[in-house]
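One structure below.
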Amino acid sequence: QDLQDFFDGNPITENSVYPQGVLAQDSKSGGIYYVEDGNKYPLWSKEIMTTNFPGRQLIKLTPAELEAYPTGEPVKFKDGTLVRSTDYPEVYVVSNGKLRWIPDEATFVDLGYNWKTIITTSQKAVSLHGLGPVLTN
């Protein structure tokens, strides 16, 4: 009964490759991927890498080694992250993988957000997330 609230993850077997995940950099192109359980997921910005995987070290893999892994969807910012594009002033919070625009300062402050925690990144990284409903307080 004590274990009923715990989530069962994927089983780890002797064939599991990077079951806890690893950040891998292509030794030729410099591209970075999150590799987990035999799949690779591209990271389209340094900000996604440092926000989602703080303190993780990169390992270098050759293009041939990376080619062995099927490519999945690009890694998005985690839910709860405040983001804005270098190209536009609008601030969004990521919620269920979607961007929810915070329309004004009053809403931002009323919801308890901190201006210092906004991540500024490329428009390409922001556009990975679809648009959700506008955030209201």
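The values are calculated or read from the model by the stated rules, or taken from the named source; none is laboratory data. Worth saying up front: this structure is predicted, and the values here are computed from it rather than measured. Accessible surface areas use protein heavy atoms only, side chains included; no ligands, DNA or RNA. Shrake-Rupley method; radii C 1.70, N 1.55, O 1.52, S 1.80 Å.
Region 77-137 and region 16-68 have Cα centres separated by 25 Å.
Work out the P(r) tail for the chain: percent of alpha carbon pairs separated by more than 19 Å, whole number. Present the calculation step by step, with values, prior to reporting the outcome.
Values: 5451 of 9316 pairs.
Result: 59 percent of Cα pairs exceed 19 Å.
Using a Gaussian network model of the chain whose springs link C-alpha atoms within less than 10 Å, name the residue from 111, 23, 43 with the highest mean-square fluctuation. Comparing 111, 23, 43 in the GNM, the peak value goes to 111. Considering only 109, 126, 35, the mean-square fluctuation computed in a Gaussian network model of the chain, springs between alpha carbons under 10 angstrom, is largest for 109. Pick from 33, 69, 88: which is most flexible by mean-square fluctuation in a GNM of the chain where alpha carbon atoms under 10 Å apart are linked? Of 33, 69, 88, the Gaussian network model singles out 88 as fluctuating most. Partner lysines whose Cα lies under 17 Å from the Cα of residue 60, excluding those fewer than 8 positions away in the same chain, are identified as 28, 40, 46.
Here the sum of -39500 (n - 2.57) over DSSP H runs of 4 or more residues, divided by the residues of the chain, equals -3500 deg cm²/dmol at 222 nm, to the nearest 500. With θ taken as phi - 60° and the Karplus curve 6.51 cos²θ - 1.76 cosθ + 1.60 applied, the whole-hertz 3J(HN,Hα) list for region 124-129 is 4, 5, 5, 6, 4, 9 Hz, x standing for glycine and proline. The residues of region 5-137 have, on average, 63 Å² of accessible surface per residue, using a 1.4 Å probe with all protein chains present.
Share of carbon and sulfur in the accessible area of region 37-79 stands at 53%, probe radius 1.4 Å.
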